[in-house]
Every structure is written in C-alpha cells, then in structure tokens.
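Novice: First the structure, which I've put down as structure tokens, then a few questions once you've had a look.
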Amino acid sequence: MPRRELVLCLLVRSYFHLSFRRTIGLLKLLAPTLGLAHVPHFNTLQKYNRGDGITRTLKNLLAETAQPFWAVEKVLAVDATGLVLFGSGAWRSNHDPGAVRDFAKIHVLSGTDTRATLAIRVTRGTWHDTTQLGPLLEDVPDGVEAEAVTEDGAYWSRSACVAARDAGMQPYFSPRENARWPTHPVDAFDRMTRFALQFPNRWGTRYHRRSATESRFATEKGLFGDRLRCRRPTSRRNEVLAREIAHNVRLLTKGIAQPSYG
C-alpha cells in the first residue's frame, strides 16, 4: 500500500478517534474526497501501525508540520499530560481507592504563541517530567530564534536548567515553596531562582506564558479524546504522533500565523 495513503488513513483515524474497524467504514465514504485508490482491510492498517517504519515516517511528518511555527516562536513551553489506557478517569481514580487506572504520559514541547506541537515524547505514566526535557530540547532545529523555555515547578532543578542553557535558552521554571534566596548565584539555576524571588511581577510576565500549554491540552483532549485505543508501545506512540500531526495541520489550515500575545 502506498505510504502516503497509509499515513492518511492513520491521520483520519486519529482525528475522529475511531477504532480500526470503524475507520475503514468512514474511509470508504471519504475515499473519493481523500483520493484513496484503495481502502485497506482494518487488519492491514493495524499491522502497519505496529511497525517502527511508520514511526519514522510520522516523526518526519511531525517535524515538517512544525517547521512553519518555529519561525514565529520566541518562548517555548514544555509540559506533560496523561492519556488513559484503561480504567476510570482521573477524577474517579483520585476519589475511589478501588478504581483501576493506567495511563500513558505525553511530554510536549509547544509554542506559546501558536500552541503548536514542536516535539513530543511518549512514556509510561510513572515517568517523571524532567527525564524528557533534554530529549525534547534536542529536537530543536538549528537556527531557531527561540529565547526562553518555561514550565511549572516539576522542572525546577539544576539538571533542567543545564538542559535549557545547553539548548541556548533562558529557563523560567517556577521555584517551589521551599526555595531559598541564593546569596551568591553560581549557575543558571541560582540566577533563575533569585530573579523569581526578587522580582515576582517581572518573573510572572515571563513564566505565565506557559498557560498556553494548559489550554492546548484541554482543546486537544476535547477534539481527539483523553484515551488511547492502542495497547502496544509502538502502536501507542504512532497513535500519539498521528494526533499531534492532525493538531498541527488543523492549526495550519485555520491560518494561525499571528501570535496570540500582544
């Protein structure tokens, strides 16, 4: 099956958040519009979704869809959210000790102006956020004019600040409640903490750009759902990549090219 048609089928499935069987029924209706020469069997589509080859194709496609947004992004935001694999949602699992729940965690590097997905990693739900900051920043292309990266207190650590500085960006990670005033700052972590404690208003104007990540997660879950249908790690990663590609394409087709901040 041509790779273009295969990827198109997977994007349609992720956009409408359907099972493989129901996706085939929809594709038969949309085949003339999408230009599909042949609608595959659902087992064929499922088999390709389990392969590493389609993973490389989807990663390259995500990088292509993110390319227009790199030119306008000055401040980046990194955050993580969970997608349910099976069991109850977050509210019930937090209020019912007997509720069974398992989820995957997606770590997203996004733009604060366009809310586009620039880089992504998929892990188990038990992985800490800071473990994926370095790999996410490694995907930043050369020549990008992004100046800063911001996020909440989960990333407030020296290792996270070192990763941000190595990528050529100023970190703005929220200090925790037990943060102390560094009398003699020696590195980026100390200087960032002192600036946040000494000038909270100036700090807030930079730090709260991260609010864009919260709104993009809410929008994305409202459109594509808060669950993943695939169970295997590779299939799960491919499903997430297809979701993020559809998210970027949606922004491009809507013509979002102007920053949302004044």
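Novice: Run Ala257 past the list (1) open to solvent by 30 Å² or more (accessible area, probe 1.4 Å); (2) at pLDDT below 90; (3) part of a helix (DSSP H, G or I); (4) closer than 26 Å to Ala116 by Cα and report the number of the one that doesn't hold.
Specialist: (3)
Novice: Taking Ala71 and the conditions (1) among the aliphatic types (A, V, I, L, M); (2) farther than 19 Å from Val240 by Cα; (3) at pLDDT 90 or above, which numbered condition does it fall short on, given that it satisfies the others?
Specialist: The one condition Ala71 does not meet is (3).
Novice: Turning to a different aspect of this structure: Tally up the residues in the range 44-82 that are more than 20 Å from Arg115 (Cα to Cα) and either among the hydrophobic types (A, V, I, L, M, F, W, C) or without any contact (Cβ under 8 Å) to a residue 12 or more places away in the chain (or both), please. If you could, list the steps in order and put the result at the bottom.
Specialist: Quick first cut of the range 44-82, residues more than 20 Å from Arg115 (Cα to Cα) only: 44-57.
When the remaining residues are screened for being either among the hydrophobic types (A, V, I, L, M, F, W, C) or without any contact (Cβ under 8 Å) to a residue 12 or more places away in the chain (or both), the result is 45, 47, 53-54, 56.
Summing the residues that are more than 20 Å from Arg115 (Cα to Cα) and either among the hydrophobic types (A, V, I, L, M, F, W, C) or without any contact (Cβ under 8 Å) to a residue 12 or more places away in the chain (or both) in the range 44-82 gives 5.
Novice: Oh, and also: Taking only the range 1-51 into account, find how many residues are assigned to a helix (DSSP H, G or I) and either hydrophobic (A, V, I, L, M, F, W, C) or more than 15 Å from Ala242 (Cβ to Cβ) (or both). First the steps, then the outcome.
Specialist: Just the residues of the range 1-51 that are assigned to a helix (DSSP H, G or I), to begin with: 3-16, 20-34, 42-49.
The next check asks that each one be either hydrophobic (A, V, I, L, M, F, W, C) or more than 15 Å from Ala242 (Cβ to Cβ) (or both); those that pass are 6-12, 16, 20-22, 24-34, 42-45, 47.
Looking only at that region, the number is 27.
Novice: Right, here's the next one. Looking at the structure I just gave you, is Arg191 assigned to a helix (DSSP H, G or I), in contact with a Pro (Cβ under 8 Å, 6 or more places away or on another chain) and in contact (Cβ under 8 Å) with a residue 12 or more places away in the chain?
Specialist: no
Novice: Can you say whether Thr234 is over 17 Å from Glu147 (Cα atoms) and touching a helix residue (DSSP H, G or I) at 6+ places or on another chain (Cβ under 8 Å), as far as the supplied structure shows? If you could, list the steps in order and put the result at the bottom.
Specialist: On the way: over 17 Å from Glu147 (Cα atoms): yes; touching a helix residue (DSSP H, G or I) at 6+ places or on another chain (Cβ under 8 Å): yes.
Against the criterion (over 17 Å from Glu147 (Cα atoms) and touching a helix residue (DSSP H, G or I) at 6+ places or on another chain (Cβ under 8 Å)), Thr234 qualifies.
Novice: Further, regarding this structure: From the set of residues in the range 115-155 that are assigned to a loop (DSSP other than H, G, I, E, B), open to solvent by 20 Å² or more (accessible area, probe 1.4 Å) and hydrophobic (A, V, I, L, M, F, W, C), which is farthest from Ala218 (Cα to Cα)?
Specialist: Result: Val144.
Novice: Taking the range 169-181 as the region of interest, how many residues are loosely packed, with under 14 Cβ neighbours inside 10 Å and not basic (Lys, Arg)?
Specialist: Looking only at the range 169-181, we keep the residues that are loosely packed, with under 14 Cβ neighbours inside 10 Å, and these are 176-178, 180-181.
This time we only want the ones that are not basic (Lys, Arg), so: 177-178, 181.
Count: 3.
Novice: Right, here's the next one. Every residue in the range 19-43 that is open to solvent by less than 20 Å² (accessible area, probe 1.4 Å) and either without any contact (Cβ under 8 Å) to a residue 12 or more places away in the chain or of a type in the set (D, E, K, R) (or both), please.
Specialist: Within the range 19-43, Ala31 is the sole residue that qualifies.
Novice: In the range 216-234, which residues are assigned to a helix (DSSP H, G or I) and open to solvent by 10 Å² or more (accessible area, probe 1.4 Å)?
Specialist: Result: Phe217, Ala218, Thr219, Lys221, Gly222, Leu223, Pro233, Thr234.
Novice: Determine, yes or no, whether Arg206 is in contact (Cβ under 8 Å) with a residue 60 or more places away in the chain, open to solvent by 50 Å² or more (accessible area, probe 1.4 Å) and outside any loop (DSSP other than H, G, I, E, B). Step through it out loud before you land on a result.
Specialist: On the way: in contact (Cβ under 8 Å) with a residue 60 or more places away in the chain: yes; open to solvent by 50 Å² or more (accessible area, probe 1.4 Å): yes; outside any loop (DSSP other than H, G, I, E, B): yes.
It is true that Arg206 is in contact (Cβ under 8 Å) with a residue 60 or more places away in the chain, open to solvent by 50 Å² or more (accessible area, probe 1.4 Å) and outside any loop (DSSP other than H, G, I, E, B).
Novice: Turning to a different aspect of this structure: Residues Ser93, Ser110: which one is over 19 Å from the mean Cα position of the chain (by Cα) and either modelled with pLDDT of 90 or more or not in a loop (DSSP other than H, G, I, E, B) (or both)?
Specialist: Ser93
The values are calculated or read from the model by the stated rules, or taken from the named source; none is laboratory data. Since we're looking at a predicted model, the values are computed, not measured. Neighbour counts are summed over all protein chains in view; Cβ atoms, including those assigned to glycine, are modelled from backbone coordinates with ideal geometry. With ligands, DNA and RNA removed, areas are computed over all heavy atoms of the protein, side chains included. Shrake-Rupley method; radii C 1.70, N 1.55, O 1.52, S 1.80 Å.
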